[in-house]
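Report on one structure; see the data block that follows.
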Amino acid sequence: MQQTEPADFFALTSAARLSLAHLPTPLEHYPALDALVGTEVWIKRDDATAGAEAGNKIRKLEFLMAEAVAHRAEVVITCGGLQSNHARATAVAARRLGMQPVLMLRGSLPLPEPREGNLLLDELLGAEVLIVTPEQYAERDRRMRALANEYTERGRRAYVIPEGGSNGLGALGYVAAMAEVRAQLDAEPTRLPRAFDAVIHACGSGGTASGVMLGAAQFAVAPQVIAMAVCDDRRYFEERIATIATDAARYFKQPLTRATLRVIDDFKGPAYAVPSAEQVAFIRAVARAAGVVLDPVYSGKALFGLANMPDKPARCLFLHTGGLPGLLAESRRFSS
Ligand SMILES: *Cc1c(COP(=O)(O)O)cnc(C)c1O
(Lines give C-alpha, C1' and ligand atoms only; values in the text may rest on other atoms or scores of the structure.)
Protein backbone atom coordinates (compact mmCIF):
# COMPACT_ATOMS: atom_id res chain seq x y z
CA MET A 1 0.00 0.00 0.00
CA GLN A 2 1.02 3.58 -0.62
CA GLN A 3 1.62 5.96 2.23
CA THR A 4 -1.98 7.19 2.07
CA GLU A 5 -2.60 7.57 5.74
CA PRO A 6 -0.40 10.62 6.44
CA ALA A 7 -2.03 12.41 3.51
CA ASP A 8 -5.54 11.82 4.75
CA PHE A 9 -6.44 15.43 5.42
CA PHE A 10 -10.05 14.68 6.32
CA ALA A 11 -9.05 12.26 9.04
CA LEU A 12 -7.65 15.33 10.82
CA THR A 13 -10.49 17.82 10.48
CA SER A 14 -14.24 17.93 10.13
CA ALA A 15 -14.27 21.35 8.47
CA ALA A 16 -16.77 21.53 5.62
CA ARG A 17 -15.38 22.05 2.13
CA LEU A 18 -16.96 22.79 -1.22
CA SER A 19 -15.44 21.47 -4.42
CA LEU A 20 -14.69 24.66 -6.38
CA ALA A 21 -11.17 24.10 -7.72
CA HIS A 22 -9.87 21.71 -10.36
CA LEU A 23 -7.72 19.43 -8.24
CA PRO A 24 -5.12 18.06 -8.08
CA THR A 25 -3.19 20.74 -9.92
CA PRO A 26 -0.20 19.54 -11.97
CA LEU A 27 3.22 19.18 -10.37
CA GLU A 28 5.84 19.78 -13.04
CA HIS A 29 9.56 20.09 -13.55
CA TYR A 30 10.94 22.50 -16.15
CA PRO A 31 14.65 21.71 -16.71
CA ALA A 32 15.23 25.08 -18.41
CA LEU A 33 14.05 26.81 -15.23
CA ASP A 34 16.63 25.10 -13.04
CA ALA A 35 19.38 26.86 -14.96
CA LEU A 36 17.66 30.25 -14.64
CA VAL A 37 16.88 29.86 -10.95
CA GLY A 38 20.10 28.09 -10.02
CA THR A 39 18.60 25.11 -8.17
CA GLU A 40 16.19 22.23 -8.76
CA VAL A 41 12.71 23.69 -8.83
CA TRP A 42 9.41 21.89 -9.23
CA ILE A 43 6.25 23.89 -9.80
CA LYS A 44 2.89 23.20 -8.21
CA ARG A 45 0.61 24.75 -10.80
CA ASP A 46 -1.89 26.50 -8.56
CA ASP A 47 -2.25 29.06 -11.31
CA ALA A 48 -4.32 26.27 -12.87
CA THR A 49 -6.76 25.68 -10.00
CA ALA A 50 -9.68 26.88 -12.12
CA GLY A 51 -10.84 29.10 -14.96
CA ALA A 52 -11.42 32.79 -14.30
CA GLU A 53 -11.28 32.11 -10.55
CA ALA A 54 -7.84 30.46 -10.80
CA GLY A 55 -4.99 31.02 -8.37
CA ASN A 56 -4.34 30.25 -4.72
CA LYS A 57 -7.47 31.98 -3.36
CA ILE A 58 -9.91 29.39 -4.65
CA ARG A 59 -8.35 26.77 -2.36
CA LYS A 60 -9.13 28.99 0.63
CA LEU A 61 -12.58 29.75 -0.76
CA GLU A 62 -13.48 26.06 -0.81
CA PHE A 63 -13.58 26.29 2.99
CA LEU A 64 -14.71 29.90 3.40
CA MET A 65 -17.60 29.61 0.96
CA ALA A 66 -18.67 26.35 2.62
CA GLU A 67 -19.16 28.39 5.77
CA ALA A 68 -20.97 31.14 3.81
CA VAL A 69 -23.35 28.49 2.46
CA ALA A 70 -23.83 27.03 5.95
CA HIS A 71 -24.73 30.56 7.14
CA ARG A 72 -27.18 30.82 4.24
CA ALA A 73 -25.48 34.02 3.09
CA GLU A 74 -26.93 35.87 0.10
CA VAL A 75 -24.15 38.46 -0.01
CA VAL A 76 -20.40 37.91 0.28
CA ILE A 77 -18.23 40.86 1.28
CA THR A 78 -14.46 40.93 0.92
CA CYS A 79 -11.64 43.40 0.25
CA GLY A 80 -8.29 43.92 -1.44
CA GLY A 81 -6.26 46.18 -3.71
CA LEU A 82 -7.72 47.52 -6.93
CA GLN A 83 -6.28 44.55 -8.86
CA SER A 84 -7.02 42.03 -6.10
CA ASN A 85 -6.92 38.43 -7.31
CA HIS A 86 -8.68 37.40 -4.14
CA ALA A 87 -11.58 39.80 -4.68
CA ARG A 88 -11.99 38.58 -8.27
CA ALA A 89 -11.87 34.89 -7.27
CA THR A 90 -14.42 35.57 -4.52
CA ALA A 91 -16.70 37.33 -7.01
CA VAL A 92 -16.62 34.30 -9.33
CA ALA A 93 -17.22 31.84 -6.49
CA ALA A 94 -20.04 33.97 -5.07
CA ARG A 95 -21.86 34.12 -8.41
CA ARG A 96 -21.39 30.40 -8.92
CA LEU A 97 -23.15 29.83 -5.60
CA GLY A 98 -25.90 32.35 -6.35
CA MET A 99 -24.60 35.09 -4.04
CA GLN A 100 -23.99 38.80 -4.62
CA PRO A 101 -20.29 39.78 -4.39
CA VAL A 102 -19.43 43.06 -2.67
CA LEU A 103 -15.80 44.18 -3.00
CA MET A 104 -14.17 46.90 -0.89
CA LEU A 105 -11.13 47.89 -2.94
CA ARG A 106 -8.29 50.21 -1.94
CA GLY A 107 -7.82 52.87 -4.61
CA SER A 108 -8.95 56.22 -5.86
CA LEU A 109 -11.63 57.44 -8.20
CA PRO A 110 -12.09 57.66 -11.09
CA LEU A 111 -11.30 54.02 -11.82
CA PRO A 112 -8.87 53.40 -14.68
CA GLU A 113 -10.62 53.32 -18.07
CA PRO A 114 -10.92 51.00 -19.81
CA ARG A 115 -11.22 48.34 -17.09
CA GLU A 116 -8.45 45.78 -17.24
CA GLY A 117 -7.43 42.56 -15.55
CA ASN A 118 -9.20 41.75 -12.30
CA LEU A 119 -11.30 44.94 -12.37
CA LEU A 120 -12.65 43.97 -15.76
CA LEU A 121 -13.70 40.58 -14.37
CA ASP A 122 -15.22 42.21 -11.26
CA GLU A 123 -17.31 44.39 -13.55
CA LEU A 124 -18.28 41.47 -15.78
CA LEU A 125 -19.50 39.56 -12.73
CA GLY A 126 -21.59 42.50 -11.56
CA ALA A 127 -19.73 42.78 -8.29
CA GLU A 128 -20.66 45.78 -6.22
CA VAL A 129 -17.35 47.65 -6.02
CA LEU A 130 -16.72 50.15 -3.22
CA ILE A 131 -13.54 52.18 -3.60
CA VAL A 132 -11.98 53.25 -0.30
CA THR A 133 -8.92 55.35 0.53
CA PRO A 134 -5.85 53.71 2.11
CA GLU A 135 -6.88 55.30 5.43
CA GLN A 136 -10.34 53.77 5.21
CA TYR A 137 -8.84 50.49 4.07
CA ALA A 138 -6.74 50.34 7.23
CA GLU A 139 -10.08 49.85 9.04
CA ARG A 140 -11.30 47.26 6.53
CA ASP A 141 -12.42 44.64 9.05
CA ARG A 142 -14.58 47.10 11.01
CA ARG A 143 -15.96 48.61 7.80
CA MET A 144 -16.83 45.23 6.30
CA ARG A 145 -18.61 44.18 9.50
CA ALA A 146 -20.61 47.42 9.46
CA LEU A 147 -21.50 46.82 5.83
CA ALA A 148 -22.59 43.26 6.62
CA ASN A 149 -24.86 44.60 9.36
CA GLU A 150 -26.44 47.03 6.91
CA TYR A 151 -27.21 44.20 4.48
CA THR A 152 -28.56 42.01 7.24
CA GLU A 153 -30.83 44.82 8.47
CA ARG A 154 -32.18 45.09 4.93
CA GLY A 155 -32.97 41.38 5.04
CA ARG A 156 -29.98 40.05 3.08
CA ARG A 157 -27.70 37.86 5.13
CA ALA A 158 -24.04 38.76 4.49
CA TYR A 159 -20.85 36.80 5.04
CA VAL A 160 -17.50 38.59 5.44
CA ILE A 161 -14.24 37.15 4.16
CA PRO A 162 -11.07 38.92 5.37
CA GLU A 163 -8.34 40.25 3.06
CA GLY A 164 -6.81 37.44 0.99
CA GLY A 165 -9.17 34.92 2.59
CA SER A 166 -6.44 34.76 5.20
CA ASN A 167 -7.89 33.48 8.42
CA GLY A 168 -7.62 30.06 10.03
CA LEU A 169 -10.47 28.59 7.99
CA GLY A 170 -9.06 29.85 4.68
CA ALA A 171 -5.60 28.54 5.55
CA LEU A 172 -7.04 25.01 5.60
CA GLY A 173 -6.95 25.24 1.81
CA TYR A 174 -3.16 25.10 1.93
CA VAL A 175 -2.99 22.41 4.58
CA ALA A 176 -5.13 20.37 2.19
CA ALA A 177 -2.87 21.38 -0.71
CA MET A 178 0.10 19.84 1.10
CA ALA A 179 -1.85 16.60 1.56
CA GLU A 180 -2.57 16.77 -2.17
CA VAL A 181 1.15 17.09 -2.98
CA ARG A 182 1.93 14.13 -0.70
CA ALA A 183 -0.59 11.99 -2.56
CA GLN A 184 0.97 13.04 -5.90
CA LEU A 185 4.49 12.17 -4.72
CA ASP A 186 3.28 8.79 -3.52
CA ALA A 187 1.37 8.06 -6.71
CA GLU A 188 4.29 8.83 -9.06
CA PRO A 189 7.49 7.81 -7.27
CA THR A 190 9.50 7.43 -10.47
CA ARG A 191 8.65 10.81 -11.96
CA LEU A 192 8.50 12.85 -8.77
CA PRO A 193 10.97 13.23 -5.87
CA ARG A 194 10.16 11.61 -2.52
CA ALA A 195 10.04 15.05 -0.89
CA PHE A 196 11.46 18.58 -1.15
CA ASP A 197 13.85 20.65 0.95
CA ALA A 198 11.50 23.64 0.98
CA VAL A 199 8.17 24.92 -0.26
CA ILE A 200 8.49 28.48 -1.60
CA HIS A 201 5.79 30.96 -2.54
CA ALA A 202 4.77 34.61 -2.62
CA CYS A 203 3.34 35.96 0.63
CA GLY A 204 0.83 38.82 0.58
CA SER A 205 -1.60 38.30 3.45
CA GLY A 206 -0.13 35.25 5.17
CA GLY A 207 -2.87 32.67 4.74
CA THR A 208 -1.05 30.53 2.21
CA ALA A 209 2.12 30.49 4.34
CA SER A 210 0.12 29.51 7.44
CA GLY A 211 -1.50 26.57 5.69
CA VAL A 212 1.75 25.42 4.12
CA MET A 213 3.50 25.71 7.48
CA LEU A 214 0.87 23.44 9.06
CA GLY A 215 0.75 20.94 6.19
CA ALA A 216 4.24 20.68 4.65
CA ALA A 217 5.94 18.80 7.48
CA GLN A 218 2.77 17.05 8.65
CA PHE A 219 2.47 15.40 5.25
CA ALA A 220 6.24 15.00 4.75
CA VAL A 221 6.35 17.31 1.72
CA ALA A 222 9.17 19.52 3.09
CA PRO A 223 10.60 20.49 6.48
CA GLN A 224 10.71 24.20 5.60
CA VAL A 225 8.48 26.89 4.09
CA ILE A 226 9.97 30.02 2.59
CA ALA A 227 7.48 32.88 2.34
CA MET A 228 8.67 35.62 -0.02
CA ALA A 229 7.02 38.82 1.19
CA VAL A 230 5.67 41.13 -1.51
CA CYS A 231 4.64 43.82 0.99
CA ASP A 232 5.08 44.72 4.69
CA ASP A 233 8.15 43.07 6.28
CA ARG A 234 9.54 39.95 7.92
CA ARG A 235 8.51 40.85 11.47
CA TYR A 236 4.96 41.65 10.40
CA PHE A 237 4.53 38.36 8.55
CA GLU A 238 6.14 36.20 11.22
CA GLU A 239 3.52 37.44 13.66
CA ARG A 240 0.66 37.40 11.18
CA ILE A 241 1.39 33.87 9.94
CA ALA A 242 1.70 32.55 13.51
CA THR A 243 -1.66 34.12 14.42
CA ILE A 244 -3.42 32.61 11.41
CA ALA A 245 -1.81 29.21 12.05
CA THR A 246 -3.04 29.25 15.66
CA ASP A 247 -6.52 30.05 14.36
CA ALA A 248 -6.26 27.25 11.77
CA ALA A 249 -5.03 24.72 14.35
CA ARG A 250 -8.46 24.96 16.05
CA TYR A 251 -9.99 23.03 13.17
CA PHE A 252 -7.79 19.96 13.70
CA LYS A 253 -8.43 17.10 16.06
CA GLN A 254 -4.74 16.84 16.94
CA PRO A 255 -1.71 19.14 16.83
CA LEU A 256 0.01 19.14 13.43
CA THR A 257 3.78 18.87 12.97
CA ARG A 258 4.74 22.35 11.81
CA ALA A 259 7.35 23.12 9.18
CA THR A 260 10.03 25.72 9.91
CA LEU A 261 8.96 29.12 8.63
CA ARG A 262 11.36 31.51 6.98
CA VAL A 263 10.02 34.88 5.81
CA ILE A 264 12.24 36.74 3.34
CA ASP A 265 11.52 40.41 2.63
CA ASP A 266 14.53 41.27 0.46
CA PHE A 267 12.83 40.84 -2.91
CA LYS A 268 9.70 43.00 -2.67
CA GLY A 269 10.94 45.32 -5.40
CA PRO A 270 10.22 49.07 -5.35
CA ALA A 271 6.72 48.76 -3.81
CA TYR A 272 3.67 46.49 -3.60
CA ALA A 273 2.53 45.70 -7.16
CA VAL A 274 5.52 47.57 -8.61
CA PRO A 275 8.26 45.32 -10.01
CA SER A 276 11.85 46.44 -10.59
CA ALA A 277 13.28 46.44 -14.14
CA GLU A 278 15.30 43.39 -13.10
CA GLN A 279 12.14 41.58 -11.96
CA VAL A 280 10.36 42.41 -15.22
CA ALA A 281 13.38 41.05 -17.15
CA PHE A 282 13.29 37.88 -15.02
CA ILE A 283 9.56 37.31 -15.68
CA ARG A 284 10.24 37.73 -19.38
CA ALA A 285 13.18 35.28 -19.25
CA VAL A 286 11.13 32.64 -17.40
CA ALA A 287 8.30 32.92 -19.92
CA ARG A 288 10.70 32.50 -22.82
CA ALA A 289 12.81 29.71 -21.28
CA ALA A 290 10.04 27.48 -20.01
CA GLY A 291 6.62 28.73 -21.09
CA VAL A 292 5.85 29.55 -17.47
CA VAL A 293 4.02 32.87 -17.16
CA LEU A 294 4.44 34.57 -13.77
CA ASP A 295 2.70 37.69 -12.54
CA PRO A 296 4.51 40.91 -11.58
CA VAL A 297 2.84 41.34 -8.16
CA TYR A 298 3.34 37.93 -6.53
CA SER A 299 4.71 34.83 -8.26
CA GLY A 300 7.26 36.73 -10.37
CA LYS A 301 8.78 38.41 -7.34
CA ALA A 302 8.78 35.15 -5.38
CA LEU A 303 10.63 33.10 -8.00
CA PHE A 304 12.97 36.06 -8.57
CA GLY A 305 13.65 35.95 -4.84
CA LEU A 306 14.49 32.25 -4.98
CA ALA A 307 16.81 32.84 -7.93
CA ASN A 308 18.61 35.57 -6.01
CA MET A 309 18.82 33.94 -2.57
CA PRO A 310 22.41 33.35 -1.48
CA ASP A 311 21.50 30.05 0.23
CA LYS A 312 18.99 28.33 -2.03
CA PRO A 313 17.58 24.99 -0.89
CA ALA A 314 18.74 22.16 -3.18
CA ARG A 315 15.31 20.85 -4.18
CA CYS A 316 12.43 23.29 -4.14
CA LEU A 317 8.69 23.12 -4.56
CA PHE A 318 7.55 26.49 -5.89
CA LEU A 319 3.86 27.27 -5.60
CA HIS A 320 2.73 29.14 -8.67
CA THR A 321 -0.12 31.01 -7.02
CA GLY A 322 -1.60 32.55 -10.17
CA GLY A 323 -2.22 36.24 -10.81
CA LEU A 324 -2.46 36.26 -14.60
CA PRO A 325 -5.20 38.95 -14.67
CA GLY A 326 -2.83 41.23 -12.75
CA LEU A 327 -0.18 40.78 -15.43
CA LEU A 328 -2.72 41.53 -18.15
CA ALA A 329 -3.52 44.83 -16.44
CA GLU A 330 0.15 45.86 -16.75
CA SER A 331 0.55 46.17 -20.51
CA ARG A 332 2.34 49.51 -20.15
CA ARG A 333 5.04 48.08 -17.91
CA PHE A 334 5.61 45.05 -20.13
CA SER A 335 5.42 46.40 -23.65
CA SER A 336 8.97 46.64 -24.98
C1 LIG B 1 -2.97 36.48 -2.83
C2 LIG B 1 -1.87 35.98 -3.68
C3 LIG B 1 -0.67 35.50 -3.12
C4 LIG B 1 -0.38 35.57 -1.65
O5 LIG B 1 -1.10 34.67 -0.89
P6 LIG B 1 -1.45 35.07 0.64
O7 LIG B 1 -2.13 33.89 1.15
O8 LIG B 1 -2.34 36.28 0.55
O9 LIG B 1 -0.17 35.39 1.33
C10 LIG B 1 0.30 35.00 -3.96
N11 LIG B 1 0.11 35.00 -5.29
C12 LIG B 1 -1.01 35.45 -5.87
C13 LIG B 1 -1.10 35.42 -7.35
C14 LIG B 1 -2.03 35.96 -5.09
O15 LIG B 1 -3.14 36.44 -5.67
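The values are calculated or read from the model by the stated rules, or taken from the named source; none is laboratory data. Computed from a predicted model, the values in this text were never measured in an experiment. Cβ: placed from backbone, ideal geometry, glycine included. Neighbour counts: every protein chain shown. Quick note on the areas: whole protein, heavy atoms, side chains included, nothing else; ligands and nucleic acids left out. Shrake-Rupley method; radii C 1.70, N 1.55, O 1.52, S 1.80 Å.
Count charges around residue 88 for me, please; just the other residues with Cβ under 14 Å from its Cβ, Lys/Arg as +1, Asp/Glu as -1.
My count for the surroundings of residue 88 gives -3.
What's the magnitude of the charge dipole for the chain around its Cα centre, counting Lys and Arg as +1 and Asp and Glu as -1 at the beta-carbon? Answer in Debye, nearest 20.
Here the size comes out at about 300 debye.
Expressed as a rounded percentage, what relative contact order does the stretch 140-261 have, with Cα pairs under 8 Å and six or more residues apart?
28
Can you tell me how much longer the chain between residue 311 and residue 284 gets when fully stretched, taken as 0.36 nm per residue apart minus their C-alpha distance, in nm with one decimal?
That pair, residue 311 and residue 284, stretches by 7.3 nm at full extension.
For the chain, set up a Gaussian network in which alpha carbons nearer than 10 Å are linked by springs, and say which option among 130, 324, 172 fluctuates the most.
Most flexible of the set in this elastic network: 130.
Running a GNM on the chain with Cα contacts under 10 Å, which residue among 91, 273, 187 ends up with the highest mean-square fluctuation?
Top of the fluctuation ranking is 187.
Within the chain, what's the longest stretch lacking trypsin sites (Lys or Arg not before Pro) that sit in DSSP loops with no more than 11 other Cβ atoms inside 10 Å? Don't skip to the end; give the middle numbers.
Numbers: sites that count: 72, 154, 191, 194, 250, 253.
Counting only loop sites that pass the neighbour cut-off, the longest clear stretch is 254-336.
Pop out the Kirkwood hydrodynamic radius of the stretch 37-173 from its pairwise C-alpha distances, inverse of mean 1/r, in Å to one decimal. Present the calculation step by step, with values, prior to reporting the outcome.
Numbers: mean 1/r = 0.0652 Å⁻¹.
In the stretch 37-173 this quantity evaluates to 15.3 Å.
So for the stretch 5-97, taking the charge dipole from beta-carbon charges (+1 Lys/Arg, -1 Asp/Glu), which of 27, 82, 39 sits furthest toward the positive end?
82
What is the percent carbon and sulfur in the accessible area of the chain, measuring with a 1.4 Å probe over the protein chains and ignoring ligands?
51
For the stretch 167-244, just the Cα set please: Rg and Dmax, both in angstrom.
Radius of gyration, then largest Cα-Cα span, for the stretch 167-244: 12.9, 40 Å.
Please report the antiparallel percentage of the DSSP beta bridges confined to the chain, to the nearest 5.
15
Among 103, 64, 147, whose mean-square fluctuation peaks in a Gaussian network model of the chain (Cα, cutoff 10 Å)?
Comparing 103, 64, 147 in a Gaussian network model of the chain, the most mobile one is 147.
So what's the net charge close to residue 271: Lys and Arg +1, Asp and Glu -1, counting the other residues with Cβ under 14 Å from its Cβ?
That works out to 0.
Per the Kirkwood treatment, what hydrodynamic radius in Å, one decimal, follows for the stretch 227-267 from the mean inverse distance over all distinct Cα pairs? All intermediate terms of the calculation are to be shown ahead of the outcome.
Details: mean 1/r = 0.0885 Å⁻¹.
Over the stretch 227-267, the inverse of the mean reciprocal pair distance is 11.3 Å.
Hey, what did the chain get for relative contact order, percent, Cα under 8 Å, at least 6 apart?
Contact order relative to length: 21 percent.
Determine the gain in length on full extension of the stretch residue 253-residue 135; use 0.36 nm per residue of separation and subtract their C-alpha separation, reporting nm with one decimal.
Fully extending the segment from residue 253 to residue 135 adds 38.5 nm.
Just the accessible area per residue of the chain, please: how many Å² with a 1.4 Å probe?
On the way: 14080 Å² over 336 residues.
Per residue, the chain has an accessible area of 42 Å².
Mind checking which of 204, 227, 249 is farthest towards the positive end of the stretch 188-250's charge dipole, using Cβ charges of +1 (Lys, Arg) and -1 (Asp, Glu) about the Cα centre?
Farthest towards the positive pole: 249.
On full extension of the chain, what length is gained from residue 71 through residue 293, given 0.36 nm per residue of separation minus the C-alpha to C-alpha distance? Display every interim value, and only then the final one.
Values: separation 222, 0.36 × 222 = 79.92 nm, distance 3.77 nm.
That pair, residue 71 and residue 293, stretches by 76.1 nm at full extension.
With charges only on Cβ, +1 for K and R and -1 for D and E, what is the dipole size of the stretch 102-173 about its Cα centre, in debye, rounded to 20?
Numbers: 9 positive and 11 negative charges, 63 e Å.
About 300 debye.
Which whole-number percent is the relative contact order of the stretch 250-314 (Cα, under 8 Å, 6+ apart)?
Averaging sequence separation for qualifying contacts and normalising by length gives 29 percent for the stretch 250-314.
Rounded to the nearest 500, what is the 222 nm mean residue ellipticity of the chain from helices alone, with -39500 (n - 2.57) per DSSP H run of 4+ residues and division by all residues?
That calculation yields -12000 deg cm²/dmol at 222 nm.
Can you tell me the alpha carbon radius of gyration of the stretch 127-217 divided by the globular rule-of-thumb value 2.2 N^0.38 Å? Please report the intermediate quantities before stating the final value.
On the way: Rg = 18.7 Å, N = 91, 2.2 N^0.38 = 12.2 Å.
That ratio works out to 1.53.
Compute the distance in nm between two label points, each set 7 Å from the Cα along the Cα-to-Cβ direction, one at residue 153 and one at residue 10.
Output for this residue pair reads 4.2 nm.
Can you find, among 136, 117, 152, the residue sitting farthest towards the positive end of the charge dipole of the stretch 108-168, where Lys and Arg contribute +1 and Asp and Glu -1 at Cβ?
Checked the options; the winner is 152.
How large is Rg over Rh for the chain, taking Rg from the Cα atoms and Rh as the Kirkwood inverse mean of 1/r across Cα pairs?
For the chain, the value is 0.95.
For the stretch 257-336, how big is the tail of P(r) above 17 Å, as a whole percent of Cα pairs?
More than 17 Å apart: 46 percent of the Cα pairs in the stretch 257-336.
Kindly give the semi-axes, whole Å and largest first, of the ellipsoid equivalent to the stretch 1-106, taking each as the square root of 5 times a Cα gyration tensor eigenvalue.
30, 22, 10
Considering the alpha-carbon set of the stretch 176-318 alone, what are its Rg and its Dmax in angstrom?
Just the Cα atoms of the stretch 176-318 yield Rg and Dmax of 15.4, 47 Å.
Viscosity 0.692 mPa s, temperature 37 °C: give me the Stokes-Einstein translational D for the stretch 35-90 in µm²/s, with Rh taken as the Kirkwood radius over C-alpha pairs.
Details: Rh = 13.3 Å.
Value of D from the Cα-based Kirkwood radius: 247 µm²/s.
To check you understand DSSP bridge types, tell me what percent of the beta bridges within the stretch 1-125 (both residues inside) are antiparallel, rounded to 5.
The answer is about 30 percent antiparallel.
Could you work out how far the C-alpha centroid of the stretch 170-202 sits from that of the stretch 87-138, in angstrom?
Between the Cα centre of the stretch 170-202 and that of the stretch 87-138, the gap is 32 Å.
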